[in-house]
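To start, the structure under review is shown below, and the notes come after it.
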């Protein structure tokens, strides 16, 4: 699907059929944003022909090294940026490609992203605020950074909730607990990678001489500060997760020690009765108790007393 946003007087119009640009150079010059979602090879070739721009394939975009995801040429800027897709089951960074040429921004993506839909609504309501493709690109990243902040906030609440669960509602669900901690670490790592990617891109973008707009540069400076604070917060989340994992291991050791302690006490309690039963189970005639009328009852009472005595001693010492 391709959506082409262009200004017609003071109104914003959207075209999905690019054949309308074939013989209309004036309309083509008014285009400010071309959003391509899951483009086919035919659509890419068609757009390349109309606007004279070469597009990277999805595989080329994903294989670009982290240090080379922003580069400038004589007439255009090519950018590949991570957009985090987080679900209840998993999270991963989806690569979105941007091309800035003149006042035009072209975005190429292969997943539905809420950021683009949210910006489209803002663009409809206030088209004059976004003068050209540079403003549109900046606003898209700004919306994405806000979304990343929301994900970090939710992750922080989930970590706090899990910490309380470890202390108050621990029910021996060891594997589930470790899986949750691991999934939180993976999500936090993806968020951090995503933010650092945007930090590198915006740092390069603010140095570009392709545009000269002080208000846009001021907005980028604010975004860089926001990103830095969010990166610091992800570091804090890593520390909290390490601390949570240490707490969980400590609680697990305590629970295991309690079980071992119970077995140890039981062994100590039943050891004297077992010893007495073993002695009187030898059946040697030299044992005088074998001929007693109440010898059996005597051995039972002796075993009970030998079991009760350790319990009384342990209670006085506070061991049980």
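The values are calculated or read from the model by the stated rules, or taken from the named source; none is laboratory data. The shown structure was predicted, so the numbers you read here are calculated from the model rather than taken from an experiment. Don't worry about glycine lacking a Cβ; one is built from the backbone with ideal geometry, like all the others, and counts go over all protein chains shown.
Just one of (1) at pLDDT 80 or above; (2) under 21 Å from residue 14 (Cβ atoms) fails for residue 50. It is (1).
Being assigned by TED's automatic domain parsing to the domain that holds residue 105 and at pLDDT 90 or above is true of residue 192. Only one of the listed residues (247, 276, 265) is touching a residue at least 60 places away in the same chain (Cβ under 8 Å), assigned to a helix (DSSP H, G or I) and in contact with a helix residue (DSSP H, G or I) (Cβ under 8 Å, 6 or more places away or on another chain). That residue is 247. Only one of the numbered conditions (1) surrounded by 10 or more Cβ atoms within 10 Å (Cβ to Cβ); (2) at pLDDT 80 or above is not met by residue 289, and that is (2). Before we move on, is residue 244 surrounded by 15 or more Cβ atoms within 10 Å (Cβ to Cβ), modelled with pLDDT under 80 and within 30 Å of the chain's Cα centre (by Cα)? Answer is no for this residue.
Against the conditions (1) in contact (Cβ under 8 Å) with a residue 12 or more places away in the chain; (2) under 26 Å from residue 92 (Cβ atoms), residue 150 satisfies every one except (1).
Return yes when residue 74 is more than 34 Å from the chain's Cα centre (by Cα) and modelled with pLDDT under 70 and no when it is not. Criteria not met by residue 74.
Contact map, the stretch 308-319: residues that are free of Cβ contacts under 8 Å to residues at least 40 places away in the same chain paired with residues that are assigned to a helix (DSSP H, G or I), Cβ distance under 9 Å, separation 6+ or inter-chain. Pairs shown: 308/269; 309/272.
Residue by residue, here is whether (1) touching a helix residue (DSSP H, G or I) at 6+ places or on another chain (Cβ under 8 Å); (2) more than 30 Å from residue 212 (Cα to Cα) holds:
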position	(1), (2)
95	yes, no
102	yes, no
116	yes, no
120	no, no
138	yes, no
150	no, yes
177	yes, yes
184	yes, yes
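I want to confirm something. Restricting to the stretch 117-171 and keeping residues that are in a loop (DSSP other than H, G, I, E, B) and over 27 Å from the mean Cα position of the chain (by Cα), which single residue is surrounded by the fewest Cβ atoms within 10 Å (Cβ to Cβ)? The qualifying residue surrounded by the fewest Cβ atoms within 10 Å (Cβ to Cβ) is 126. Taken over the stretch 109-127, the criterion of being under 22 Å from residue 76 (Cα atoms) and modelled with pLDDT of 90 or more is satisfied by 116 alone.
So is residue 283 surrounded by fewer than 15 Cβ atoms within 10 Å (Cβ to Cβ) and either in a loop (DSSP other than H, G, I, E, B) or in contact with a helix residue (DSSP H, G or I) (Cβ under 6 Å, 6 or more places away or on another chain) (or both) or not? Spelling it out, residue 283 is indeed surrounded by fewer than 15 Cβ atoms within 10 Å (Cβ to Cβ) and either in a loop (DSSP other than H, G, I, E, B) or in contact with a helix residue (DSSP H, G or I) (Cβ under 6 Å, 6 or more places away or on another chain) (or both). The requirement of being surrounded by fewer than 11 Cβ atoms within 10 Å (Cβ to Cβ) and modelled with pLDDT under 70 is satisfied by residue 68.
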